[in-house]
Each structure stands twice: as C-alpha cells, then as structure tokens.
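Comments concern the structure below.
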Amino acid sequence: MSAPRPRPGDPGWAGPEWDDPALTALAHRLREAHRLVAPLPVDDRRRLIRQLLMITDLAKRDPELAGRRLAAFLTDFEQWREPSAEPGDQERRELRRTIGGDPGGPGESGRQAE
C-alpha cells in the first residue's frame with residue numbers, strides 16, 4: 001500500500017500534479033477578470049460573473065476557445081468601462097442601447113435589456 005496522497009489545504013500539498021502553462025495562464029486571466037468585475041454594482045456584477053462562469057466551464061472542454069472568448073470579454077469590458085474619448089461615442093452608445101443592440105455591458109450585444 002502506498003501512503004495517502006495529500007489533499008488541497010494539507011501542509012504537504014504542492015498544487016496539481018499537471019503543469020500546462022496555457023491552462024495556468026487562462027486561470028490567471030479568469031481570476032483577474034473576476035477581480036475587475038468584483039467592485040461593480042450588483043446587477044452588472046451578477047451578469048458579468050455569469051458570463052465569466054460560462055467561459056470557465058468552456059475552458060474545461062476547449063481551453064483555446066475559452067481563451068479567445070475571455071479576450072473578447074475583456075476587450076468589451078474595457079470599452080464599456082472607459083469613458084468615451086472621441087466626440088460622438090457616448091451618443092452612439094446610447095443609440096445602440098435605445099435600439100437594443102447594446103443593453104449596457106460587454107458580451108450582451110443583440111439581446112434586449114431586461
């Protein structure tokens with residue numbers, strides 16, 4: 001019989017036995033995305049965390065696609081958070097919201113606001 005393997009939290013546990021740099025990088029990026037979303041108001045945070053959880057679930061089956069979706073999410077998130085620098089951008093954003101193309105956050109284009 002062999003000795004029992006240490007479990008997470010046990011003093012002898014040194015992390016998972018696999019080392020996949022791509023998955024590790026994706027996990028760090030997902031953690032960072034959750035950190036960025038955490039201080040937002042409850043309604044925005046709930047919607048965005050739901051999207052991040054879908055990306056996390058996808059990472060279990062297709063990490064490359066999950067990485068691309070996370071990159072798109074982060075790009076949309078940054079554009080949504082940053083105030084418009086060009087004249088007319090804020091007006092275009094409001095127009096998209098009015099016609100249902102952008103209900104106010106990243107990753108939701110094409111869905112009607114609730």
* Asked: In the list R68, R111, R61, R96, which residue meets the criterion of being open to solvent by 80 Å² or more (accessible area, probe 1.4 Å) and modelled with pLDDT of 95 or more?
  -> R68
* Asked: How many residues are in a helix (DSSP H, G or I), of a type outside the set (D, E, K, R), open to solvent by 70 Å² or more (accessible area, probe 1.4 Å) and at pLDDT 90 or above if we restrict to region 1-41?
  -> 1
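The values are calculated or read from the model by the stated rules, or taken from the named source; none is laboratory data. This is a predicted model, so every value here is computed, not measured. Only protein heavy atoms, including side chains, enter the accessible area calculation; ligands, DNA and RNA are left aside. Shrake-Rupley method; radii C 1.70, N 1.55, O 1.52, S 1.80 Å.
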